[in-house]
Amino acid sequence: MHDSFRTTAKIVGLGAYLPERVLTNRDLEAMVDTSDEWIRTRTGIRERRVVAEGEALVDLVTRAGRAALADAGVDPREVDLLILATATVEQPIPATAAIVQPALGVVNAACFDVSAACSGFTYSLNVGRQFIATGEAKTVLVIGAECLTRYLDWTDRTTCVLFGDGAGAAVLRPGAPGEGILQIRWRTDGSYADLISMPGGGCRYPPSSLASIEAGLPFIKMRGNETFKVAVRSLTEISLEVMEAAGIAAADLDLFIPHQANLRIIQAVGKRLELTDDQVFVNVDRVGNTSAASIPVAMTQARDEGRLGPGSLVLASAFGGGLTWASSLIRF
Ligand code: UT7
């Protein structure tokens, strides 16, 4: 393994937060032309969590970050870097990572956001582990969080039934060879930028533009069917690439944690990787697609459910807007 001569980054703490409010498929039936049956059979989603009025991204980030720091037993002042993966920022300026810094007490950390949509947490793990590998950082807090429901067009049934809110976090510290993040691969293909996008709200179609609002541009849009096919292919390829680089077989994995976008994608990838159902973690039924929060929330739940513990070998693979995709092999 080519990383074995470097300091590895180990996940020493995990934490997650989901808003209390549950939005079921039945609730959606009353809001838009859809059905519980369509949503369940096409996506596997039964319910998702939605922020309450007055709640926003910083509330989710703060709770998940605090939970991970407490789990790690780390003093927030020891954190050197706070990397927040999100596509649904609190506000355009400043970075949400900077806004949450005081509440998290990570006063000595450089704080910045990473924008890589659903792959954002895995991208951020890769950034964090590089700083640990070079010795420039000893403690890194990586958070994936989304408040997607504030960016949805609730009259568009092709998107509004899919997404949910949430946050998950991990604390990284130097690890011994053979433990921690053993491999990561990441990819981008911007020629697919149109597949998942929010065209309005930036400098081309500013938030203040009435025409942009009237044209429905400041909402998440997705060409779902085309995305589906690329997702299955990319997730499979990058997962196999990481396993091959690490010299491991499917049977060696204790758990596969795929991005939770759609149960049919998860099952198709699991089959192609020749994994058993027991090896594949699924929570999309309970939380929907939480984008950058998907993998850290799933990791935390897997740990809480006893499916992941010290020594577990976990493959986590993500896919999302950009298009971006990434896979990481982690020894807990
Ligand atoms: O997290 C980032 C990565 N995202 C993904 O990986 C998502 C990938 N894509 C998907 O998960 C699926 O493509 C969707 C769940 C988004 C859609 O499922 P699909 O099987 O690809 O459906 P479709 O888009 O081909 O639509 C089939 C039909 C259409 O009706 P017609 O044209 O056949 O009459 C849609 O209008 O289903 C209709 N439809 C709905 N019907 C009831 C679309 N959304 C809904 C809905 N309720 N919510």
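The values are calculated or read from the model by the stated rules, or taken from the named source; none is laboratory data. None of the values given here were measured: they were computed from a predicted structure. With ideal geometry, Cβ positions are generated from the backbone for all residues, glycine too; neighbour counts draw on all protein chains shown. Accessible surface areas use protein heavy atoms only, side chains included; no ligands, DNA or RNA. Shrake-Rupley method; radii C 1.70, N 1.55, O 1.52, S 1.80 Å.
Over the stretch 8-177, calculate the relative contact order: mean separation of alpha carbon pairs under 8 Å at least 6 apart, over the residue count, as a percent.
Working: 374 pairs, mean separation 58.8, N = 170.
Across the stretch 8-177, relative contact order equals 35 percent.
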Can you give me the relative contact order of the chain as a percent, contacts being Cα pairs under 8 Å and 6 or more apart?
-> 25
Alpha carbon centroid spacing (whole Å) that separates the stretch 47-119 from the stretch 152-191 | 14
Quick calc, the stretch 1-86, dipole around Cα centre from Cβ unit charges on Lys, Arg (+) and Asp, Glu (-), nearest 20 debye, gives 280
Please find, in a Gaussian network model of the chain (springs between Cα atoms separated by less than 10 Å), the residue of Ile99, Ile196, Ile213 whose mean-square fluctuation is greatest.
-> Ile213
P(r) of the stretch 182-331 over all Cα-Cα pairs, binned every 10 Å from zero, in whole percent | 11, 38, 30, 14, 7, 1
Residue of Ser234, Ser291, Ser312 that the Gaussian network model of the chain assigns the largest fluctuation, springs spanning Cα pairs under 10 Å | Ser312
Residue by residue through the stretch 268-275, the couplings from Karplus 6.51 cos²θ - 1.76 cosθ + 1.60 with θ = phi - 60°, in Hz, x for Gly and Pro, are 5, 5, x, 5, 5, 7, 6, 9
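How big is the antiparallel share of DSSP beta bridges in the stretch 8-177, given as a percent to the nearest 5? Write out the running numbers ahead of the final one.
On the way: 20 of 30 bridges.
The antiparallel proportion sits near 65 percent.
Output the relative contact order of the stretch 232-309, whole-number percent, from Cα pairs under 8 angstrom with separation of 6+ residues.
Answer for the stretch 232-309 is 33 percent.
Probe radius 1.4 Å, ligands and nucleic acids ignored: give me the carbon and sulfur share of the accessible area of the chain as a rounded percent.
Carbon plus sulfur share of accessible area: 51 percent.
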Here the stretch 53-66 yields Karplus 3J(HN,Hα) values (6.51, -1.76, 1.60; θ = phi - 60°; whole Hz; Gly and Pro given as x) of 4, x, 8, 8, 4, 4, 5, 5, 4, 4, 5, 5, x, 4
Top of Gly164, Gly224, Gly54 by mean-square fluctuation, Gaussian network on the chain, Cα under 10 Å | Gly54
In Å², rounded to a whole number, the accessible area per residue of the chain with probe 1.4 Å is 42
Straight-line reach from Lys221: which lysines have Cα under 20 Å away, leaving out those fewer than 8 places along the same chain?
-> Lys229
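Based on the Kirkwood radius over alpha-carbon pairs, what value in µm²/s does the Stokes-Einstein equation return for the translational diffusion coefficient of the stretch 11-162 at 4 °C and 1.567 mPa s?
78
So for the chain, Kirkwood radius off the Cα pairs, Stokes-Einstein at 25 °C and 0.890 mPa s: how many µm² s⁻¹? If you can, show how the numbers build up before the last one.
Working: Rh = 19.7 Å.
Reported coefficient: 125 µm²/s.
Would you calculate a helix-derived [θ] at 222 nm for the chain, using -39,500 (n - 2.57) for each DSSP H run of n ≥ 4 and dividing by the full residue count, to the nearest 500? Working shown, then result.
Working: 11 runs with 110 residues, N = 332.
Taken over the chain, the calculation gives -9500 deg cm²/dmol.
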Name the lysines eligible as straight-distance cross-link partners of Lys10: C-alpha to C-alpha under 24 Å, and not fewer than 8 places from it in the same chain.
-> Lys138
Among DSSP beta bridges lying fully in the chain, give the percent that are antiparallel, nearest 5.
-> 70
So what are the ³J(HN,Hα) numbers for the stretch 207-223, from phi and the Karplus equation (6.51, -1.76, 1.60; θ = phi - 60°), rounded to whole Hz, Gly and Pro as x?
-> x, 7, 7, 5, 4, 5, 5, 5, 7, x, 6, x, 9, 5, 10, 9, 8
Rounded to whole Å and ordered largest first, report the semi-axes of the equivalent ellipsoid of the stretch 1-61 derived from its Cα gyration tensor (root of 5λ).
-> 37, 20, 8
